[in-house]
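Presented below is the structure to which this report refers.
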Amino acid sequence: MGVGSRLLPLVLATAALAAGAGGLDGLALWLGLATVPAAAAAAFNAVSDTLEGRPALLRAVTGGIALALFVLASAVRENAPTGGAVSPLATWALVVALLAYAVPLVAWVLEPVRVPRKTRRPRRLRPAEVDELLSRAA
């Protein structure tokens, strides 16, 4: 998993979601905070690919949305009262961010298969047809 990998923030966010569901709010907070720079690297990588002309616009948009949702989830989890329940907004933000990461995969699966067209070679004229065309032109 290199820098800009979309898999790293996906794994970290899933682990944060599982830790939050398991009642380990401190671990969920730290995993959520670790997700933010990984998601930022993935989003910036997708934006740079788009600016270079590669087909990565959907990855850039969904990566940016997921990054904003990861920041929101981390902020909500950080501002939860000590010993109190964490707002469901943190959980929902993580779930929606994971769904945002799934959108390019769904678009790729639903993309129609492109069948290459066979190019037709131009028909070669017979010498008699060439003579006829030249006589008409004259």
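Miscellaneous remarks
- Translational diffusion of the chain, µm² s⁻¹ [Kirkwood Rh, Cα pairs; Stokes-Einstein; 10 °C; 1.306 mPa s]: 88
- Ranking Ala28, Pro81, Thr62 by Cα position along the charge dipole of the chain, where only Lys, Arg, Asp and Glu carry charges on their C-beta atoms, puts Thr62 farthest toward the positive end.
- Nearest 10 degrees, 0 to 90: helix 88-110 Cα axis against the chain principal axis: 20
- Relative contact order, percent, the chain [alpha-carbon distance under 8 Å, six or more residues apart]: 21
- Segment 7-111 - charge dipole about Cα centre, Lys and Arg +1 at Cβ, Asp and Glu -1, debye rounded to 20: 40
- Between helix 7-21 and the chain: long-axis angle, C-alpha atoms, 0 to 90°, nearest 10: 30
- For Arg6, distant residues with modelled amide H under 5 Å away: none
None of the figures in this text is laboratory data; all of them are computed from the coordinates on show. Quick caveat: nothing in here was measured; it's all calculated off a predicted structure. Cβ atoms come from the backbone with ideal geometry, glycine included; neighbour counts cover every protein chain shown.
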